[in-house]
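Below is one structure; the comments refer to it alone.
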Amino acid sequence: MADDLYRLTMHDAAALLRQKQVSSVELTRAAFERIRSVEPAVHAFITQTEELAMSQAAAADATLAAGHGTPLTGIPAAIKDVISTKGVRTTAGSKILAPFVPVYDANVITLLKEAGFVMVGKTNQDEFAMGSSGENSAYGATHNPWALDRVPGGSSSGSAATVASGMAYWSLGTDTGGSVRQPASLCGVVGLKPTYGRVSRFGLIAFGSSLDQIGPFARSVRDVATVFQTIAGPDQRDSTSAPVDVPDFGAQMGDSVRGLRVGIPSEYFVDGMDPTVRDAVEGAIMRLEDMGAEIDSEVSLPSTGHAVSVYYIIAPSEASANLARFDGVKYGYSYQDGESMWENMERTRQHGFGEEVKRRIMIGTYALSAGYYDAYYLKAQQVRTLIRREFDAAFKDHDVLVAPVSPTPAFKLGEKTDDPLQMYLNDVCTIPVSIAGLPAISVPCGFATAPDGTRLPIGLQIIARPFDEATLFRAAHAYEQATDWHREFPPL
Amino acid sequence: MALTPDEVRHIARLARLGLTDEDVAKFSGQLSSILDYFEALRHVDTEGVPPTAYAFDLRNVMRDDEPTPSSAPEDVLANAPAREGEYFRVRAILEE
């Protein structure tokens, strides 16, 4: 059994802990054995925290021995490096934060520590969460555990890859335009983007403040719901965290989808979509129908085609403001040898930021600059309203919407790095949901086969009304339990 | 919508972002094609449509005005690239 500990779901590992068949120290040791075995090929971590993890595991064992603890107590997990961890270096995937050690924990970390989690490390990511492939990290690209010559998706590349390859039972990522759902899809794990405002952003290094949300990855819907239950809720330190009650998100898990009204937005089946993705998603929809869901294939969200433009105006605009704080004065990398304060600042940002971050700062600065604000930023915010209204209308008579996550399975490392616009179009199915602030989940729904015979995971996106994650979990859990896709493990 | 190298330099200056000449050449091409892609938005009828800044209508969130401890100066300065006493140290801002 000990050899296979890393393959368990979080709930199965937690059950073994409670039955005293295994200790947290043993689980954590097994996680680091797995890390030593596969991390050299996957490169999912920026920082490993073995010493901290072993001491957290010992503390968790004491808690459990006293008969206390939560479902997360003693379970090894990984945290995206854009989330502040007190005393543990936090880089956001950027060279500009290479020396940065936070002096406080993000709110989610405070909650997870109270729950007794074990942190094995901080995961690799696209710099400041800007990217769809993981290749924009200043610390090297993460490789897809299913196909090491391919991308794991991004920006939460390492968080998806650690869970897919058994280096952690669950992880946290962040999703601004698809950065949890898309890598979950490409790595064959479950990933949730919560409703905007559901999870406090306090201590999350900001990218697009009106869009950013922290969300969990795991190898089952139930595990994702359990982590989400722990991190959700209002927080005084984030004035955009929603002052709404947190229900029991698992309450409907186990309910069938009989009678669930499922809408299929036709605009999400885009030109250029990989036929195997289309087949897998259509197969999943038929499966849901067999299970008793009411499928409506006539749903239209006509402004979908404008969402990528809206997003790549709004998110970079917000980013250009958020990233103004990296001036080489207060923290992080600092160029000190210039002739003047201004030169030091410009050189700090020139050497500290990578190319994609610079590109987005440039787009955002342009869109907000005098003479262009109305044509770009204001226009994008107005079209954002139209996109929201179309979702509101669709949810009048549907409980969930179902769509692809990514139009293609994992692509080759280096394949799209020279064409930023092509890279942005990867996010066409996830971005509209982010713009509207809605909750959505990616669940495994099949595999494509690469020309060399490698199997590449495909995810199904389920989208719900604001703050109705419980219905998401109901639908996703029912589908997952009716299929075997989530049981597959990469041949590492 | 083609961005000239001078426009790229102007935007970079607004953002206090140092760019090499190669960066400027690369970005003027790439940013121009991205702006071209945005052009389609111009044709969307948004007459009378209010802008969305946040997805949900959040009102001001109020809390009781009770003092709580603030960050300790040592914490605030812990990551300072250069400091002098309890201050961040920078090059002179005002030149003679």
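Specify which of the listed residues (A:367, A:393) is assigned to a helix (DSSP H, G or I) and either of a type in the set (D, E, K, R) or within 11 Å of chain B (Cβ to nearest Cβ) (or both).
Unique residue meeting the criteria: A:367.
Of the conditions (1) exposed (fewer than 14 other Cβ atoms within 10 Å of the Cβ); (2) more than 7 Å from chain A (Cβ to nearest Cβ); (3) hydrophobic (A, V, I, L, M, F, W, C); (4) under 15 Å from residue A:309 (Cα atoms), residue B:25 fails just one. Which one is it?
The one condition residue B:25 does not meet is (4).
Where residues in segment B:34-54 are out of contact with any Gly (no Cβ under 8 Å at 6 or more places or on another chain) and within 26 Å of residue A:324 (Cβ to Cβ), which of them is farthest from the other protein chains (Cβ to nearest Cβ)?
B:35
Quick check on segment A:209-226: of everything there that is more than 20 Å from residue A:459 (Cα to Cα) and assigned to a loop (DSSP other than H, G, I, E, B), which residue is nearest to the chain's Cα centre (by Cα)?
Only one residue fits best here, namely A:212.
Just a yes or no: is a residue in segment A:326-347 of a type in the set (Phe, Trp, Tyr) and under 20 Å from residue A:178 (Cα atoms)?
no
Please go through segment A:350-389 and pick out each residue that is within 17 Å of residue B:26 (Cβ to Cβ) and charged (D, E, K, R).
A:355, A:356, A:358, A:359, A:360
Residue-by-condition table, conditions (1) in contact (Cβ under 8 Å) with a residue 12 or more places away in the chain; (2) under 20 Å from residue A:44 (Cβ atoms); (3) out of contact with any Phe, Trp or Tyr (no Cβ under 9 Å at 6 or more places or on another chain):
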site	(1), (2), (3)
A:218	yes, yes, no
A:231	yes, no, yes
A:250	yes, no, no
A:255	yes, no, yes
A:267	yes, no, yes
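With segment A:418-492 as the region, which helices (runs of 4 or more DSSP H) entirely inside it contain at least 1 residues that are within 14 Å of another protein chain (Cβ to nearest Cβ) and farther than 22 Å from residue A:284 by Cα?
Hits in segment A:418-492: A:420-424, A:431-435.
Within segment A:72-99, count every residue that is surrounded by fewer than 21 Cβ atoms within 10 Å (Cβ to Cβ), over 21 Å from the mean Cα position of the chain (by Cα) and assigned to a loop (DSSP other than H, G, I, E, B).
Number of matching residues: 4.
Here are A:46, A:35: which of them is outside any helix (DSSP H, G or I), touching a Gly at 6+ places or on another chain (Cβ under 9 Å) and in contact (Cβ under 8 Å) with a residue 24 or more places away in the chain?
A:46
Can you tell me which residues in segment A:347-361 are surrounded by fewer than 22 Cβ atoms within 10 Å (Cβ to Cβ), within 20 Å of residue B:90 (Cα to Cα) and facing chain B (nearest Cβ under 7 Å)?
Listed by number, the residues that qualify are A:347, A:350.
Within 7 Å of chain A (Cβ to nearest Cβ), more than 23 Å from residue A:437 (Cβ to Cβ) and not in a helix (DSSP H, G or I), is that true of residue B:17?
Yes, satisfied.
Just one of A:440, A:370 is under 24 Å from residue B:53 (Cβ atoms) and crowded, with 21+ Cβ neighbours inside 10 Å; which is it?
A:440
Looking at B:64, B:6, B:36, which is the one that is over 23 Å from the mean Cα position of the chain (by Cα) and of a type in the set (Asp, Glu)?
The conditions single out B:64.
Residue A:376 fails exactly one of the following numbered conditions: (1) without any contact (Cβ under 8 Å) to a residue 60 or more places away in the chain; (2) surrounded by 22 or more Cβ atoms within 10 Å (Cβ to Cβ); (3) in a helix (DSSP H, G or I). What is the number of that condition?
Among (1) without any contact (Cβ under 8 Å) to a residue 60 or more places away in the chain; (2) surrounded by 22 or more Cβ atoms within 10 Å (Cβ to Cβ); (3) in a helix (DSSP H, G or I), residue A:376 violates only (1).
Give me the pairs: first residue in segment A:234-245 and within 8 Å of chain B (Cβ to nearest Cβ), second residue surrounded by fewer than 19 Cβ atoms within 10 Å (Cβ to Cβ) and of a type in the set (A, V, I, L, M), beta-carbon distance under 6 Å, and six or more apart or on different chains, which are they?
A:239/B:61
Would you check if there is a residue in segment B:50-73 being surrounded by 11 or more Cβ atoms within 10 Å (Cβ to Cβ) and within 23 Å of residue A:332 (Cα to Cα)?
For segment B:50-73, residues surrounded by 11 or more Cβ atoms within 10 Å (Cβ to Cβ) and within 23 Å of residue A:332 (Cα to Cα): present.
Six or more apart or on different chains, Cβ atoms under 6 Å: show the pairs whose first residue is in segment B:17-38 and under 15 Å from residue A:365 (Cβ atoms) and whose second is in a loop (DSSP other than H, G, I, E, B).
Going by the 6 Å Cβ cut-off, the qualifying pairs are B:28/B:3; B:31/B:3; B:35/B:1.
Report whether or not residue A:315 is surrounded by 17 or more Cβ atoms within 10 Å (Cβ to Cβ), away from chain B (no Cβ under 11 Å) and either in contact with a Lys or Arg (Cβ under 6 Å, 6 or more places away or on another chain) or basic (Lys, Arg) (or both).
no
Looking at (1) more than 9 Å from chain B (Cβ to nearest Cβ); (2) buried (at least 20 other Cβ atoms within 10 Å of the Cβ); (3) among the charged types (D, E, K, R), find the lone condition where residue A:415 falls short.
Result: residue A:415 fails condition (2) only.
Throughout, read-outs are computed from the coordinates displayed, never taken from laboratory work. Being a predicted model, the structure only gives us computed values, none of them experimental. Glycine gets a Cβ as well: all are built from the backbone with ideal geometry, and neighbour counts include every protein chain shown.
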